[in-house]
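Some notes on the structure that comes next.
The values are calculated or read from the model by the stated rules, or taken from the named source; none is laboratory data. Since the model is a prediction, treat every value here as computed from it, not as a measurement. Cβ placement follows ideal geometry from the backbone for every residue including glycine, while neighbour counts extend to all protein chains displayed. Heads up: the accessible areas ignore ligands, DNA and RNA and are worked out on the full protein's heavy atoms, side chains in. Shrake-Rupley method; radii C 1.70, N 1.55, O 1.52, S 1.80 Å.
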Amino acid sequence: MLARKVKRFGALVAAATMGVGVLAGSAAATSTESTADTLALYHKQRLTWKPCDHEVLDKAGAQCADVTVPMDYSRPRGRTITVAISRLKATDAKQRRGVMLSNPGGPGGQGLDMMVGVRERMSADVRARYDLIGMDPRGIGRSTPVDCGWPIGNMLRSGGENWAAFEANTALLADLARRRCSATEGEYLRHTTTRNTARDMDVVRGALGEPRISYFGWSYGTYLGAVYTQMFPGRSDRFVLDSAINPRDYGLPMMQAMGEVNEAALDDWARWTAARDAQYHLGTTPRQVRAAVEDLLRRAAHKPIPLGTTTINQHELPVVLFVHLADVRSNPTLAADVRLLVDAAAGKPVTPSPELLTILRLFQNPTLQTQGSGQAAVLCGDAPMPRDPRTYWRTIQRIRPTQPVFGALTHNISACAFWRAPAEPLTTIHNSTPALIVQATADTRTPYTSGVGLHRALPASRLVTLQDVRIHAIFGHYPNTCVETTINTYLRDGTLPRTNPTCHND
């Protein structure tokens, strides 16, 4: 396990010699200082900017710094951790408005280099106005990572086709939570949460000397941004929330909502593939193509499908489909992979595609940077989950007729069922912060109704709809003139659309 940078508060005060200094008013905290006074020292720390030692960021001319934050904000004089940030400076100091923080989603996404790609879709006058700040959230990447030493890459797995498979998978998840995470990370897990990441963002704001922040977030990053607006009213400038989570559904309902939309996406892909039967030979009708996929699941349940030196089993196969269905541009890759899997299941020798091998490596041979215990820490630390495995199995069985491929994935038990109870309640989101929410109607990760839900929770927001496009995370990822113009206008001028606009695929 990676050694963690663990410091006491006294080390924070003395850290000027270590490159993470504070602006010393009184030299050190005393036992009579209030929590607010103690936190002020974190907000006033001086950052040491340096090369990022990251190919993409260094090529882009970014600088990086480590920000010291409390592990437990209720005990700010206790143990500290570090949060890694990057900075791409505004291109015109005269036009500079402030800083724009960001989050790529997940939770668990590493965000240090996120804004390098996003800024390519920003207009020149927007790039002139903001220092773009990438950030690995606490517990992730370079920010004192949670490392439970998991032998698999992610706790999000299908429950399987029968009770025996479900029971075995449940035992694995219990082991991940109880023996591996609890034993290796202990108290840190209780503080790797969205609310504490929002607090870290506000420390970053203070350390950068800014009265407010602007923000861009994809997916889970929209929830994090909304939590920030609720916890720190008056410190939010221009917020863009792309592919949004309904805060009322955060937790188990958020996961379950993905089942129906992914089954619909599978049907959409099946129509596309059936029209190309001469190439993929999976069926001339959508029903035949879907039947081929469902038969693959049954075969994987009987015996893992061999793929060169590895295999793919019934818990992993739905996740492969899930990954590709998030982007309509992946239709050819998914069709080719399904064709290959059908051949492999029939005993034919196959050569797995690089894309498929990459996904399987993430499942089966995770590294510190790709194993998902940091994601689990956030999800499980934020929201309580039902404890009884039988509850999940009954739900899976009930919805299996209408969700035969994804029901056992999106309604499955997770390691959160075996986690300690969250240290804080979920944040109730309802405030008048202006924001621009962007949502595709065929999004498979955050259904369109999720964007509508966040729009209702932020009544001063506007909702931009991308009509009839299957995509998750739009700006900086899926080119669309209408969406990009609306976002760039807002970030440049602060002007929200008068109504909720609808954009179309171009």
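Summary table
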item	result
Qualifying position, being in a loop (DSSP other than H, G, I, E, B), touching a Leu at 6+ places or on another chain (Cβ under 6 Å) and open to solvent by 20 Å² or more (accessible area, probe 1.4 Å), among 284, 370	370
Only listed residue being among the polar types (S, T, N, Q) and in a loop (DSSP other than H, G, I, E, B), chosen from 465, 402	402
Matching option when the condition is crowded, with 21+ Cβ neighbours inside 10 Å, in contact (Cβ under 8 Å) with a residue 24 or more places away in the chain, under 27 Å from residue 236 (Cα atoms) and basic (Lys, Arg), among 445, 462	445
Residue in the stretch 383-399 that is more than 17 Å from residue 253 (Cα to Cα) and either buried (at least 22 other Cβ atoms within 10 Å of the Cβ) or touching a His at 6+ places or on another chain (Cβ under 9 Å) (or both) present	no
Filtered residues of the stretch 197-235 (kept if open to solvent by 10 Å² or more (accessible area, probe 1.4 Å), over 17 Å from residue 45 (Cα atoms), at pLDDT 95 or above and out of contact with any Gly (no Cβ under 8 Å at 6 or more places or on another chain))	230, 231, 232, 235
Pair list, Cβ < 6 Å and 6+ apart or interchain, from the stretch 214-233 residues that are part of a strand (DSSP E or B) to residues that are open to solvent by 10 Å² or more (accessible area, probe 1.4 Å) and not hydrophobic (A, V, I, L, M, F, W, C)	214/237; 214/238; 218/104
Any hit, the stretch 111-120, residues being at pLDDT 95 or above and more than 18 Å from the chain's Cα centre (by Cα)	yes
Residue in the stretch 421-442 that is modelled with pLDDT of 95 or more, crowded, with 23+ Cβ neighbours inside 10 Å and touching a His at 6+ places or on another chain (Cβ under 8 Å) present	yes
Residue within the stretch 86-107 that is surrounded by fewer than 24 Cβ atoms within 10 Å (Cβ to Cβ), within 30 Å of residue 411 (Cβ to Cβ) and either modelled with pLDDT of 95 or more or in contact with a helix residue (DSSP H, G or I) (Cβ under 6 Å, 6 or more places away or on another chain) (or both) present	yes
Condition check for residue 412: touching a residue at least 40 places away in the same chain (Cβ under 8 Å), buried (at least 24 other Cβ atoms within 10 Å of the Cβ), on the phi < 0 side of the Ramachandran plot and part of a loop (DSSP other than H, G, I, E, B)	yes
Some residue of the stretch 121-129 being open to solvent by less than 10 Å² (accessible area, probe 1.4 Å) and either among the charged types (D, E, K, R) or assigned to a strand (DSSP E or B) (or both)	no
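Yes or no, residue by residue, for (1) in contact with a Phe, Trp or Tyr (Cβ under 8 Å, 6 or more places away or on another chain); (2) within 25 Å of residue 411 (Cβ to Cβ); (3) β-branched (Val, Ile, Thr):
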| site | (1), (2), (3) |
| --- | --- |
| 294 | no, yes, no |
| 312 | no, yes, yes |
| 323 | no, yes, yes |
| 333 | no, no, yes |
| 337 | no, yes, no |
